[in-house]
Amino acid sequence: MVFSETELKGAWLLEPEPAVDERGSFARVFCREMFRESGLAFEFVQNSISENFKRATLRGMHYQVEPAAEVKLVQCLRGALYDVIVDLRTGSETYCQWYGVELSAVNRRILYVPQGFAHGFQTLVDDTAVYYMISEAYAPQYARGVSWNDPAFGIKWPLSEPVISDKDRLLPDYKR
C-alpha cells in the first residue's frame with residue numbers, strides 16, 4: 001500500500017497495490033503494522049456503509065467533537081464519488097482549507113481522515129456505496145456539521161444541483 005500525505009497536514013491518500021493474476025486481484029486495504037510505521041496507528045470500533053442511489057447525492061460536512069472525535073478511513077466500494085475534507089483544527093497551518101479527491105471502485109483509493117476534520121462527499125454516478133472504518137462509535141451528542149457550500153471554505157463540488165437531505169441543507173456556516 002502506498003501512503004501519500006495530502007496538502008492538509010495529517011490527512012493521507014492510500015493506494016492499495018493489487019496483486020493481479022488470471023483469477024482477478026487481491027489487495028491489502030488495512031494493515032496495522034503499515035499504519036503504525038506511517039505514524040497512523042489507531043483502532044477501529046465501528047464500520048459503516050453508505051448506500052447512495054442517485055448521482056449528485058451530497059452528504060456532509062460531518063464530524064464529531066471531543067471526547068468522541070474520530071478518525072475515518074473512507075473507501076468507495078461501488079460507483080464513484082468526490083470525497084472532501086476540511087481542516088477544522090484551530091492552530092493548524094491548513095486550518096479551514098479543504099481537499100477533494102475522486103474515490104471509486106476502479107481506483108480503489110482510500111482517504112485517511114484525521115480527528116478535527118469535517119468530511120463529506122458527492123456521488124459521481126448512480127448506485128454508489130461508501131465504506132467507512134471509524135475509530136469512535138457514533139455519538140449523536142458530539143456530532144456536528146457545517147454547510148457543504150460555506151463560502152469560508154469555497155469547496156468546488158463537481159456537480160451542480162446536489163441531492164441533499166434537509167438536515168444537511170440546514171447545517172450552519174462554520175464560525176471561526
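Residues ASP168, ASP173, ASP87, arranged from fewest to most other Cβ atoms within 10 angstrom of their Cβ, appear as ASP173, ASP168, ASP87.
In whole angstrom, note down how far apart the Cα centers of region 44-103 and region 116-154 are. A separation of 4 Å, based on Cα centres. Remark: CYS31, CYS96, CYS76 ranked as CYS31, CYS96, CYS76, counting other beta-carbon atoms within 10 Å and listing the fewest first. Both radii are taken from the alpha-carbon atoms of region 53-176; with Rh as the Kirkwood radius, Rg/Rh is 0.94.
Which of the GluC sites (Glu not before Pro) found in region 80-176 are in a DSSP loop and have at most 14 neighbouring Cβ atoms, other than their own, within 10 Å? Qualifying residues, ordered by number: GLU93. Bridgeable lysines around LYS72 (alpha carbons under 17 Å apart, same-chain partners fewer than 8 residues away excluded): LYS9. The order of LEU88, LEU13, LEU111, going from fewest to most other C-beta atoms within 10 Å of their C-beta, is LEU13, LEU88, LEU111. Using Stokes-Einstein with the Kirkwood hydrodynamic radius over Cα pairs, what translational diffusion coefficient do you get for region 17-57 at 37 °C and a viscosity of 0.692 mPa s, in µm²/s rounded to a whole number? It comes out at roughly 239 µm²/s.
Helix content alone sets the calculated 222 nm mean residue ellipticity of the chain: runs of n ≥ 4 DSSP H residues at -39500 (n - 2.57) each, divided across all residues, give -1000 deg cm²/dmol. Remark: relative contact order (the chain) = 30 percent; criterion is Cα-Cα distance under 8 angstrom and separation of 6 or more residues.
Read-outs: derived from the displayed coordinates by stated rules, not from any lab. Remember, predicted model here, so these are calculated numbers, not experimental data. Note that we place each Cβ from the backbone using ideal geometry, even for glycine, and neighbour counts take in every protein chain shown.
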